[in-house]
Amino acid sequence: MLAIIGGSRLSQLPILQITHRQIVRTPYGDPSCALTFGQIGAQSVVFLARHGYGNSIAPHEINYRANIWALHSLGVRQVIAIASVGGIRPDLAPGRLALPDDLIDSSWGRKHTYHEGQGVAVQHVDFAQPYDSALRLQLLAAAQQAGVDVADGGVYACTQGPRLETAAEVRALSRLGADMVGMTGMPEAALAREMGLAYASLCIATRWAAGCDSAVKTVQFSETLLKSALDELTGILLASVKG
């Protein structure tokens, strides 16, 4: 089964033909919300709103372990994670979609592993390539089929949030190699790897990261560009499940 995790700008998935919703209990507490099941074409899909259906859970308060555990317990094998980012690289202007291929984790205080606690053996998962290459290629092919220009590759920097970054922080992240910045990419990706789930992130640049647009002094969002990007994202998801 395929899971789609929606970000702060995608708390619902209009193209999903809903069959039912289900509350899932986990050993790690409750997921962000009830999981929504349905079909996109012939593909069975489960949708999870990362921030809850009312967009009420801040990035650092999300129960990432419960979310991923719930998906795995239901037989999910692939996860497409939708995330909003600020563009750092010049070609990641607001409205652009991107498929990152690496990440930098600057978050803190979050539960990053299932392998902890008294009597639990420590495990070190291979995370050299944090995103599943086959699923990334599937999404790239779907983007091409849908006629959507997606940036292939890039380094996603995960910050703590919920505040946006300072210009100095963005400059520091850029020097480390970051191309985009968001708040929810970790530990979600690492937990998916521990559970053996193929995980890829499809990012929407909803803004320039602080200091990356010299024409403005504050971070600005464009609802018009966002709507266009969401339409393109929908086209990619449709092409992906049909592919």
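The values are calculated or read from the model by the stated rules, or taken from the named source; none is laboratory data. Nothing here was measured: the structure is a model prediction, and the numbers come from that model. Ideal geometry is used to build each Cβ from the backbone, glycine not excepted, and the neighbour counts take in all protein chains shown. Just so you know, the surface numbers come from the protein's heavy atoms only, side chains and all, with ligands and any DNA or RNA stripped out. Shrake-Rupley method; radii C 1.70, N 1.55, O 1.52, S 1.80 Å.
Inter-label distance, residue 44 to residue 145: 2.1 nm, where each label sits 7 Å from its Cα along the C-beta direction. The Cα center of region 38-79 and the Cα center of region 108-171 differ in position by 16 Å.
Rounded, prolate or oblate for region 1-75? Axes are the square roots of the Cα gyration tensor eigenvalues, ordered a ≥ b ≥ c, and the cut-off for rounded is a/c under 1.5.
Details: a/c = 2.14, a/b = 1.31, b/c = 1.64.
Here region 1-75 falls in the oblate category.
Between the residues 57, 135, 106, the greatest Cα displacement towards the positive end of the dipole of region 1-151, with unit charges on the Cβ of Lys, Arg, Asp and Glu, is found for 57.
When you restrict to C-alpha pairs under 8 Å that are six or more residues apart and normalise by the size of the chain, the relative contact order lands at 27 percent. Couplings 3J(HN,Hα) of region 116-123, computed from phi: 8, x, 4, x, 9, 5, 5, 10 Hz, in residue order, whole Hz [Karplus 6.51 cos²θ - 1.76 cosθ + 1.60, θ = phi - 60°; x for Gly and Pro].
Considering only DSSP beta bridges with both partners in the chain, what is the antiparallel share in %, to the nearest 5? DSSP beta bridges in the chain are roughly 35 percent antiparallel. Choose one of 125, 5, 94: the residue whose Cα lies farthest towards the positive end of the charge dipole of the chain (beta-carbon charges +1 Lys, Arg; -1 Asp, Glu; about the Cα centre). In the chain, that residue is 5.
Only helices at least 24 Å long along their own axis, judged from Cα atoms, and with Kyte-Doolittle mean hydropathy of 0.5 or greater: name those in the chain from DSSP H.
Numbers: long enough: 223-242 (29 Å, 0.67).
Sorted by number, the helices that extend far enough and score high enough are 223-242.
A simple charge model with +1 on the Cβ of Lys and Arg, -1 on the Cβ of Asp and Glu and nothing else charged puts the dipole of the chain at about 420 debye relative to its Cα centre. For region 81-169, chymotrypsin sites (Phe, Trp or Tyr not before Pro) meeting the loop criterion (DSSP other than H, G, I, E, B) and having at most 10 other Cβ atoms within 10 Å: 108. For region 67-205, the share of accessible area belonging to carbon and sulfur comes to 52 percent (1.4 Å probe, ligands and nucleic acids excluded). Taken per residue, the accessible surface of region 1-89 reaches 40 Å², heavy atoms only and a 1.4 Å probe.
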